[in-house]
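Trainee: Attaching a single structure in structure tokens format; questions to follow.
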Amino acid sequence: MVKPKKHLGQHFLKDDSVSAKIASSLTGHGGYQTIIEVGPGTGALTKFLLKRQEDLIAFEVDKESIAFLANEFPNLMVRDESFLNFDFVGLNSEKVGVAGNFPYNISSQILFKILDKRNLVSECVGMFQKEVAQRVAEKPGSKSYGIISVFIQAFYDVEYLFTVDEHVFDPPPKVKSGVIRLTRNNVDELPCDEKLFKTVVKATFNQRRKMIRNTVKSLVGNVDKQHPLYTKRPEQLSVDDFIALTLFLEAIIK
């Protein structure tokens, strides 16, 4: 039997109804033919993903889990490498779906990896620490809404699907988990400088108690020209607001 390893953030799901629910939450958005599972562990989710019609590729770094999966699912393609290092070359499908009971210790990195490969990843259904899942799905006006909310929602529609209790894992985590679904929207490129957009979002949320006018001083200095968003705080701004603010600052910087 595979022992969960703390340094890998492993919490093995032991409730088949939860695994089935996660697998069925993949809608096939974008018409992908390949599903990537991140961190299959002992295959709790894998066995339900294999029942679908798409090709399945699993990424696992735990040698014990890899040996177990090879014995349990002899036809499963398991890649002995981190998903975070995968370059997406050699896939049979132009689009992919991503699924997983993601290790908590790299869950944010997984999200940024998906964001980086957004033109290939058309859908993701994943389990995260509840607090992280809520943050990604949160809308403007909430204290949970932040940098990762804006970055992900710029290119994905996000739905918080359901909460998972601690007792369905071995070992039980100290917090509840949340499952979210990301589906790629129609935005190919932002209508502003993406690098500046990221800088503006990070700068404002790093001083989230301050009004926008005070945090953008570090980017453009004191300028006479005002903007209606200057009197707001970052958690009040939607993705479109951040785009508008970036375009405004872009014109000043030039």
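What follows is calculated from the coordinates using simple rules that are stated; it is not laboratory data. Note that the coordinates shown come from a computational prediction; the quantities given were computed from them, not determined experimentally. As a convention, Cβ positions derive from the backbone with ideal geometry for all residues, glycine included, and neighbour counts pool all protein chains shown.
Trainee: Convex hull volume of the Cα atoms in segment 54-143, per residue, in Å³?
Mentor: Residue-normalised Cα hull volume stands at 116 Å³.
Trainee: Take the Cα pairs of segment 1-75, get the Kirkwood Rh, then feed it into Stokes-Einstein at 20 °C and 1.002 mPa s and tell me D in µm²/s.
Mentor: 164 µm²/s
Trainee: For segment 194-253, count all C-alpha to C-alpha pairs, find those more than 12 Å apart, and express that count as a whole percent of the total.
Mentor: 61 percent
Trainee: Could you identify which residue out of Lys47, Lys113, Lys210 has the top mean-square fluctuation in a GNM of the chain using Cα springs shorter than 10 Å?
Mentor: Ranking Lys47, Lys113, Lys210 by mean-square fluctuation puts Lys210 first.
Trainee: Another question about this same structure. Compute the distance in nm between two label points, each set 7 Å from the Cα along the Cα-to-Cβ direction, one at Lys195 and one at Glu250.
Mentor: Those two pseudo-labels are separated by 1.3 nm.
Trainee: Right, another one. Based on DSSP, what percent of beta bridges with both residues in the chain are antiparallel, to the nearest 5?
Mentor: In the chain, approximately 50 percent of DSSP beta bridges are antiparallel ones.
Trainee: Next up: Can you sort Ile252, Ile22, Ile110 so the residue with the fewest Cβ neighbours within 10 Å comes first?
Mentor: Ile252, Ile110, Ile22
Trainee: In debye, nearest 20, what is the charge dipole magnitude of the chain about its Cα centre with +1 on Lys and Arg Cβ and -1 on Asp and Glu Cβ, if you could check?
Mentor: Working: 34 positive and 31 negative charges, 231 e Å.
With Lys and Arg at +1 and Asp and Glu at -1, about 1120 debye.
Trainee: Can you give me the distance in nm between label points at Lys21 and Lys51, each placed 7 Å from the Cα along the Cα-to-Cβ direction?
Mentor: 1.5 nm
Trainee: Moving to a separate point now. So what's the net charge close to Ala23: Lys and Arg +1, Asp and Glu -1, counting the other residues with Cβ under 15 Å from its Cβ?
Mentor: The answer is -1.
Trainee: If we restrict to alpha carbons, what Rg and Dmax does the chain come to, in Å?
Mentor: Reported Rg and Dmax, both Å: 20.1, 68.
Trainee: Rounded to the nearest 500, what is the 222 nm mean residue ellipticity of the chain from helices alone, with -39500 (n - 2.57) per DSSP H run of 4+ residues and division by all residues?
Mentor: -9000 deg cm²/dmol
Trainee: If the elastic network links every pair of Cα atoms under 10 Å, which of Glu189, Glu60, Glu37 fluctuates the most in the Gaussian network model of the chain?
Mentor: With Cα springs under 10 Å in the chain, the top fluctuation among Glu189, Glu60, Glu37 is at Glu189.
Trainee: Then there is this: What does the charge dipole of segment 194-253 about its Cα centre add up to, to the nearest 20 debye, if the Cβ of each Lys and Arg holds +1 and the Cβ of each Asp and Glu holds -1?
Mentor: 340 debye
Trainee: Which one of Ile66, Phe83, Val239 is farthest out on the positive end of the charge dipole of the chain, using unit charges on Cβ (Lys, Arg +1; Asp, Glu -1) and the Cα centre as origin?
Mentor: Projecting each Cα onto the dipole axis, the largest value belongs to Val239.
Trainee: Which of Asp87, Asp62, Asp224 ends up with the largest GNM mean-square fluctuation for the chain, with Cα atoms connected below 10 Å?
Mentor: In the Gaussian network model the winner is Asp224.
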